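Quick note: the coordinates plus some simple rules give every number you see, no bench work behind them. Given the structure is predicted, the values throughout are model-derived calculations rather than measurements. Cβ coordinates were reconstructed from backbone atoms using ideal geometry, including for glycine residues, and neighbour counts include every protein chain displayed.
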Amino acid sequence: MEIAGLVLAAGAGRRYGGPKALVRLDGRLLVEHAAATLTAAGLDRVLVVVGAAAGDVRAAAPELATVHNADWATGMASSLRTGLTALAATPAEAAVVLLVDMPGVTPEAVRRVAAHAAPGALAMGGYDGRRSHPVLLGRDHWPGVIATAHGDRGARDYLRAHAAEVRVIAVGDVADDTDLDVPPAHP
C-alpha cells in the first residue's frame, strides 16, 4: 500500500513576518525539514502544497515535489483540499499530513501514525491526551475532508464528526507539536 506525505506550506506567515516555508532553522528551510521528516519516515511520496511566495519556495528547494494552491489566502483548508485533490491522481491509499511550522514532529512520530494506514483509516498524533499532528487520512475519507475543510480549520471538523473512528497514537515521547507562530525573541 502506498502512503503519501503531504506538507501544508502555502501560508503567508503574517504573524511570523513572512512565509514559514522559507524560514531557516538549523541551516535548513522549514519546508525542507518537513519534507525530510516525511521521507525519513519511509513514506512513498511527499507532496508540498505551496502558495504565498511559491516561486521563492520552488527556487529555494527545487528538489521538492510541489503543487500550487491558488486560494492559499483563504486559509489552511484550501491547501489541504489542493493537496488531497492532487494525491487523488496517484495510487496513494492514505496521506500523512504535516504542517510546515511544526519542526518538532519527528520521523518516528510519523512512522507510528503511518503504521495504521489503510483506505478507511483516520489517525492523529497524541500528546498527553491532546490530539495533534501528524494526521493520517485514509483515501476513503478524502472526499469528505475536501467537502468540509474551510478556513484555517483544515480537517478538524471532519475529524470531530468522525471521532469514533479516529485512532490517537501516542507520539509525545518522541515528538513535539509546538508550532512556530512568531519568530523567537532575541535578547
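By the scheme Lys and Arg +1, Asp and Glu -1, what is the net charge of all other residues having a beta-carbon under 15 Å from that of HIS162?
Combined, the nearby Lys, Arg, Asp and Glu give +3.
What nm distance separates the two modelled labels at THR39 and ARG24, each placed 7 Å from Cα along Cα→Cβ?
About 1.9 nm, to one decimal.
Given that just one value was derived from the coordinates, which of (i) 18.0; (ii) 17.0; (iii) 16.1 is Kirkwood radius over Cα pairs in Å?
Correct label, based on the coordinates given: (iii).
Within the stretch 1-92, report the trypsin sites (Lys or Arg not before Pro) that DSSP leaves as loop and that have at most 15 other Cβ atoms within 10 Å. Mind dumping the intermediate values first?
Values: sites: ARG14, ARG15, LYS20, ARG24, ARG28, ARG45, ARG58, ARG81; in loops: ARG14, ARG15.
Passing sites in the stretch 1-92 are ARG14, ARG15.
Determine ³J(HN,Hα), in whole Hz, for all residues of the stretch 10-19 in sequence, where each value follows from phi through the Karplus function 6.51 cos²θ - 1.76 cosθ + 1.60 and θ = phi - 60°; x replaces Gly and Pro.
For the stretch 10-19, the Karplus-derived couplings read 9, x, 7, x, 4, 5, 7, x, x, x Hz, x marking Gly and Pro.
Label points 7 Å out from Cα along the Cβ direction at ARG167 and ASP152: separation in nm?
3.2 nm
Using only Cα atoms, find the angle between the long axis of helix 76-87 and the longest principal axis of the chain, and express it within 0 to 90 degrees, rounded to the nearest 10.
Once rounded, one gets 60 degrees.
Nearest 10 degrees, 0 to 90: what angle lies between the long axis of helix 30-40 and the longest principal axis of the chain (Cα atoms)?
40 degrees
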